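Remarks on the structure that follows.
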C-alpha cells in the first residue's frame, strides 16, 4: 500500500498521478458534497481517491478501467478504501460497443492505451521522457531530483522508461456511455473526468444528446494537442458549456493539454 491507502501495481505511478491530480481542479472546476463523479480511465483509482478525500467520502464515483490487471487493483481499492462509494466498471468507453486491442505496459501502466503499439512505442518513450524531465525541472516529484543536471536527468528518465518496450496486448470491451448511465440510474454528472490516452473523442461521442444536459462539468486530458484540441473543445461549446483549453510547459513537452468545460 502507498501512503494514501491505495494498492498499486507500480508505486512510483501513484506519486506521478498524484502530481497530476491538482491540475484537474482548475478553470472553475469545483465539487460539493453529494457529487456524482465519472472517472473515465481510472487506472487504480488515484483521481477517484483525491475526489473522495476532497469531499470527505460524501461522493458517488463510477470508475471505468478496461485492462484486467488494472481493474483487479481498482476493484480491490474500491472494496478496501472507498467504503462503498466507488463502483468499479471493467470496460472502457467508446462511441459504440466493441472489443479493442489495448497495449498494456506492466512497468508503466499509465501509458497503456488502444492507441499505442510496438510501432509507436519508441516515439512515445521520447515524448514521455521530455514531459517527465520538464515536470522534474519545474519542481515536480521533489526538490532533490530538480538539482540533477538536465542531460543526466534525461538519461535517467529515458532508462527508466525502457519499460515501455515491454508490452502485452489485451482484448477488452468498450461501450458507449449513455447505456451505462441508464443501467446505473445515473441522473446527474457533477464531473466527467476523461483521461484515456488518445481516445477522448470516442468517449464523448458515446454520450447521446438526451444525456448531455446531465453533465455539469467536465475535464478532459487531450493527447495530440494541436490535432485534437479544437475538436474536443467544440464538442462542449456546441452544447452550451463555457470552455477553457490550457497547456503548461510539461504538457507542451508531451503534446497534451487540458480542456475544462463548465455550465
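A single member of 81, 62 is assigned by TED's automatic domain parsing to the domain that holds residue 204 and farther than 30 Å from residue 208 by Cα, and it is 81. Scanning the stretch 31-53 for residues that are surrounded by fewer than 17 Cβ atoms within 10 Å (Cβ to Cβ) and either in contact (Cβ under 8 Å) with a residue 40 or more places away in the chain or within 18 Å of the chain's Cα centre (by Cα) (or both) yields 32, 53.
Residue 127 meets all of the listed conditions (1) outside any loop (DSSP other than H, G, I, E, B); (2) assigned by TED's automatic domain parsing to the domain that holds residue 186; (3) more than 24 Å from residue 173 (Cα to Cα) but one, namely (2). Total residues in the stretch 1-17 satisfying the condition of being surrounded by 18 or more Cβ atoms within 10 Å (Cβ to Cβ) and not in a loop (DSSP other than H, G, I, E, B): the figure is 3. Filtering 220, 243 for residues that are more than 16 Å from the chain's Cα centre (by Cα), under 21 Å from residue 189 (Cβ atoms) and assigned by TED's automatic domain parsing to the domain that holds residue 20 leaves a single hit, 243. Across the stretch 70-89, the qualifying residues are those that are surrounded by fewer than 17 Cβ atoms within 10 Å (Cβ to Cβ) and without any contact (Cβ under 8 Å) to a residue 24 or more places away in the chain, and the one among them that is nearest to the chain's Cα centre (by Cα) is 72. Taking the criterion of being closer than 18 Å to residue 184 by Cα and either in contact (Cβ under 8 Å) with a residue 60 or more places away in the chain or in a loop (DSSP other than H, G, I, E, B) (or both), the only residue of the stretch 54-63 that qualifies is 62.
Return yes when residue 122 is exposed (fewer than 14 other Cβ atoms within 10 Å of the Cβ) and either in contact with a strand residue (DSSP E or B) (Cβ under 9 Å, 6 or more places away or on another chain) or modelled with pLDDT under 75 (or both) and no when it is not. So residue 122 fails the test. Taking the stretch 101-119 as the range and being part of a strand (DSSP E or B) and surrounded by 17 or more Cβ atoms within 10 Å (Cβ to Cβ) as the test, the residues that pass are 102, 103, 104, 113. Scanning the stretch 55-69 for residues that are closer than 23 Å to residue 32 by Cα and crowded, with 16+ Cβ neighbours inside 10 Å yields 55, 59, 60, 61, 62, 63, 64.
Among the conditions (1) within 19 Å of the chain's Cα centre (by Cα); (2) assigned to a strand (DSSP E or B); (3) over 27 Å from residue 52 (Cα atoms), residue 193 misses just one, which is (3).
Here is a check on your reading of the model: is residue 183 assigned by TED's automatic domain parsing to the domain that holds residue 60, assigned to a helix (DSSP H, G or I) and under 30 Å from residue 208 (Cα atoms)? Criteria met by residue 183.
Residues considered: 162, 233, 210, 154. Of these, the only one that is assigned by TED's automatic domain parsing to the domain that holds residue 26 and surrounded by fewer than 19 Cβ atoms within 10 Å (Cβ to Cβ) is 210.
The values are calculated or read from the model by the stated rules, or taken from the named source; none is laboratory data. Keep in mind the model is a prediction, meaning the values are calculated, not measured. Counting neighbours? That spans all protein chains shown, and the Cβs are built from the backbone with ideal geometry, glycine included.
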